[in-house]
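The values are calculated or read from the model by the stated rules, or taken from the named source; none is laboratory data. Given the structure is predicted, the values throughout are model-derived calculations rather than measurements. Heads up, the Cβs are rebuilt from the backbone with ideal geometry, glycines too, and the neighbour counts pull from every protein chain shown. The area values use the complete protein model at the heavy-atom level, side chains included, leaving out ligands, DNA and RNA. Shrake-Rupley method; radii C 1.70, N 1.55, O 1.52, S 1.80 Å.
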Amino acid sequence: MRGWDHWAERFPVLGRIAAWPRTVQLGVASAALTLIIGTLLWTGHTDYRVLFANLEDRDGGAIVSALSQMNVPYRLAGTGQAIMVPSDKVHEVRLLLAQQGLPRSGETGFGLLDQTRFGASQFSEQVTYQRALEGELGQSVEALHAVQSARVHLALPRDSLFVRERQAPTASVLVTLYPGRSLAQAQVSAITWLVSSSVPHLVPEKVSVVDQNGRLLTLPTGEAGADGSRRSLVDDIEQRTVQRILTLLNPLVGPGNIRAQVSADVDFVQREQTSETYRPNQLPGEAAVRSKQTSSSSQSNMLPPQGVPGALTNQPPGNAVAPIQTPAAPPSPNDANGTPPALAAGVQQQGSGSTRDDATINYEIDRTISHTKDPVGTLRRLSVAVVVNYRQLDDKAEPLPTDELAKLTELVRQAMGYSEERGDTLSVINSAFNESAEAAPPYWQNPVYLDYGMRLIQYLLIALGVYLAWRVIVKPLLAPAPGTTEDSDNGTALPTEDEKRDAAAEQLAGELSRHEDNLKTARTLAEKDPRAVAMVLRAWMEKPHDNA
């Protein structure tokens, strides 16, 4: 009890707690003990995060064994397919395990080809190559920021020597996205082109992309996909036209003073036309010759009959000609004119002969074949409606002048690419806007401010509950005892009259004890050193004289 009284005198709060009922003391002690234990458990809690998930049993056992050797604490989540380690060691442990080649089930790339076995069949080699190709494509798709994991399935038919029996390969990609992220249509198209470009004879239309929720991300090739692409094309044409109009007119009339709507009529009919045209032959020098056949026959200076007599020798001789003397010439098989050696000897006979020339020329037929295929999505007509607000002058709305409205109409006509041949229509109207219809909602109806207000009210209610608990429960328990008063300035308890008398008696006893101690010390000093005591007394006696 003396120890408790001592601590109660030093800390008055303990004395007040001792005055509480026993049930209250037990309740407060239990609450304090619970708070201390909870604080210790919370401060000693270690945050665990997933190291690897969806592991095979073989890889899970190897990783657990490696973690035990590295003295890293771990936990098994779910059915044992996920391993968790402290959050501050996740990246370090992953690097250390990767150095050991764990997990091995993730090696689905071309590294599988390094593990080929002797005597493997052609089918096994084909399956290994397909797995390696699928793994490489999956790792390439996982390089996208929004993709957490990806799996690629390839359907590669066997090559056939017969063209009719050949089948085109197909592919499907299953992507698991990070929470809160999505893939744009351009990214989905990039995935399809990436996969199709990596597999021979695979076209992008044969690649399908599905997310973890079972949604088909690639547009189907049927009517549904065609309708979606058509709506996207029409919306793109209309939005770009509206944006061009607003960009051009906003600096002139001011932001918010113009409204534009565009309606595009697009022709999605696909037309193909093949024409074959024949034209008359060109000039002989310009025409193309397919084939040419010539035949020439000529006879002159017939020789006299010679040889065995017969019918030919009975023919009458030819007309006589005078001989012509010619200089001697060396004998030759034929001269320049093709004359036989017998005639070239000196006499050239002149007589009747026959000549015939035949020529057959075949020209190519002038023909032109043209194949025309119109593009899909041809703009047939464009309809534009523009409303311009009145001009504000001295807090008064006035319509725009006619010439200025005509200038704005011409600018809109140029911005939209107006074509009279195409049948485009344009309507520009100057009218006052109804500001009440477009007025911003008050701040108390703004969803953002409402959210902030609800959060503030929650915090205020929590603070109010804490304050009421202090005033109603805690403060009455800490109130001073009935025989004491409390100082309003510092909250300390003032002593009562009995306590004051006891304190005065203790102070007087202390002073008397100190006086006796001083006298005892003086007597001891006088007995040991009388000279020093005499000098002190002499100094005391001389001090009042000096002051006088």
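With respect to the stated conditions, Arg151 is surrounded by 13 or more Cβ atoms within 10 Å (Cβ to Cβ), more than 15 Å from the chain's Cα centre (by Cα), over 30 Å from Met416 (Cβ atoms) and of a type in the set (Lys, Arg).
Annotation: Asp211 fulfils all but one of (1) within 26 Å of Asn54 (Cα to Cα); (2) at pLDDT below 90; (3) acidic (Asp, Glu); the unmet one is (2).
Taking the criterion of being more than 23 Å from Ser427 (Cβ to Cβ) and out of contact with any Asp or Glu (no Cβ under 9 Å at 6 or more places or on another chain), the residues of region 392-409 that qualify are Leu393, Asp394, Asp395, Lys396.
Which one of these is over 30 Å from Asn389 (Cα atoms), assigned to a helix (DSSP H, G or I), open to solvent by less than 80 Å² (accessible area, probe 1.4 Å) and modelled with pLDDT under 80: Ala469, Ala481? That would be Ala469, the only listed residue that is over 30 Å from Asn389 (Cα atoms), assigned to a helix (DSSP H, G or I), open to solvent by less than 80 Å² (accessible area, probe 1.4 Å) and modelled with pLDDT under 80. Among the residues of this structure, Thr247 does not count as one that is surrounded by 14 or more Cβ atoms within 10 Å (Cβ to Cβ), modelled with pLDDT of 90 or more and touching a helix residue (DSSP H, G or I) at 6+ places or on another chain (Cβ under 9 Å).
Scanning region 172-180 for residues that are more than 25 Å from the chain's Cα centre (by Cα) and either open to solvent by 60 Å² or more (accessible area, probe 1.4 Å) or closer than 25 Å to Arg131 by Cβ (or both) turns up nothing.
Taken together, the criteria exclude Leu303 from residues that are of a type outside the set (Val, Ile, Thr), at pLDDT 90 or above and either within 30 Å of Pro401 (Cα to Cα) or in a loop (DSSP other than H, G, I, E, B) (or both).
Looking across region 140-170, just one residue is assigned to a helix (DSSP H, G or I), touching a strand residue (DSSP E or B) at 6+ places or on another chain (Cβ under 8 Å) and of a type outside the set (D, E, K, R), and that is Val141. Residues in region 88-120 that are closer than 24 Å to Pro200 by Cβ and either of a type in the set (A, V, I, L, M, F, W, C) or modelled with pLDDT of 80 or more (or both) were compared, and the one that is surrounded by the most Cβ atoms within 10 Å (Cβ to Cβ) is Leu112. Test Thr176 against the stated conditions and say whether it is farther than 19 Å from Lys206 by Cα and among the β-branched types (Val, Ile, Thr). It is true that Thr176 is farther than 19 Å from Lys206 by Cα and among the β-branched types (Val, Ile, Thr). Scanning region 387-423 for residues that are exposed (fewer than 11 other Cβ atoms within 10 Å of the Cβ) and part of a loop (DSSP other than H, G, I, E, B) yields Leu393, Asp394, Asp395, Lys396, Glu420, Glu421. Being farther than 28 Å from Val234 by Cβ, surrounded by fewer than 12 Cβ atoms within 10 Å (Cβ to Cβ) and touching a residue at least 24 places away in the same chain (Cβ under 8 Å) holds for only one residue in Asp366, Asp357, and it is Asp357. Residue count for region 377-396 under the criterion of being more than 21 Å from Gln261 (Cβ to Cβ), more than 39 Å from the chain's Cα centre (by Cα) and of a type outside the set (Lys, Arg): the result is 4.
Every residue, every condition in (1) assigned to a helix (DSSP H, G or I); (2) open to solvent by 70 Å² or more (accessible area, probe 1.4 Å), yes or no:
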{"site": "Ser189", "(1), (2)": "yes, no"}
{"site": "Leu202", "(1), (2)": "no, no"}
{"site": "Ser208", "(1), (2)": "no, no"}
{"site": "Leu219", "(1), (2)": "no, yes"}
{"site": "Thr241", "(1), (2)": "yes, no"}
{"site": "Val262", "(1), (2)": "no, no"}
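For region 46-72, the candidate set comprises residues that are modelled with pLDDT of 85 or more, open to solvent by less than 60 Å² (accessible area, probe 1.4 Å) and part of a loop (DSSP other than H, G, I, E, B); within that set, the residue that is farthest from Ala98 (Cα to Cα) is Val72.
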